[in-house]
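Below is one structure, written out as structure tokens; comments come after it.
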Amino acid sequence: GRTLSYDSSSSYGYSPFYNKATITSVAIGDNVTSIGDYAFYGCSGLTTIEMQNVKTIGQYSFYSCTGFVDIVIPDTVTSIEYASFAKCSNLISITISKNISNIGRNAFESCTSLKDCYCKSTTPPSFGGYVFLYNATGRKIYVPAESVAAYKSADGWKDYAADIVGYNFETGEIVE
């Protein structure tokens, strides 16, 4: 496998990494604030990604990256666009930025192994439809304990109210 650095100084139609199964890890350059649409689409060998200053994860950017098992989306990220992590079928756990303000439609759709989603934001981000469609049976969405009621009543999130669980991100404990 290869580690590549990604620099979005050029504007991508299809990125040079599109459907490259041989890439195993990617370090996003510090100057990159947006991961382009389709950037790592179909990179089935990709298991790790480092991103320091990214704010936006574009549409389909990690679509069908079946090598992902556990992803932490750093606190710099404010927007996850349409279908960005859809069909990541081996993804079990995802932790989402405390500064997230938007999660696009179908973002984690058909992540059929996804059991644990940790959303650190105290304010429920705006939320498209079908975000968690076709996840693992019994998938839970862990949110800050003080925000459970807000999430359970927020547009989009309320469709998953039964799956929303209070969580203390400091101690790593579930709060009933």
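Please treat every number below as a calculation from the coordinates, not as lab data. A quick note: this is a predicted structure, and the numbers were derived from the prediction, not measured. Here the Cβ is made from the backbone with ideal geometry for all residues, glycine too, and neighbour counts use every protein chain on show.
Things to note:
- Antiparallel %, DSSP beta bridges [both residues in the chain], to 5: 10 percent
- The sum of -39500 (n - 2.57) across all DSSP H runs of n ≥ 4, divided by the residue count of the chain, sets its helix-only mean residue ellipticity at 222 nm to -1000 deg cm²/dmol.
- Among A83, A162, A21, residue whose mean-square fluctuation peaks in a GNM of the chain (springs only between Cα atoms under 10 Å): A162
- Shape of the range 46-176, Cα gyration tensor, a/c cut at 1.5: rounded
- Pairs with C-alpha atoms separated by more than 18 Å, drawn from the list K20/K87; K20/K115; K120/K140; K55/K158; K55/K120, are K20/K115; K55/K158.
- Where only C-alpha atoms are counted, convex hull volume of the range 10-64 per residue in Å³: 69 Å³
- Positive-pole candidate from G156, N168, A83, dipole of the range 80-176, charges at beta carbon: A83
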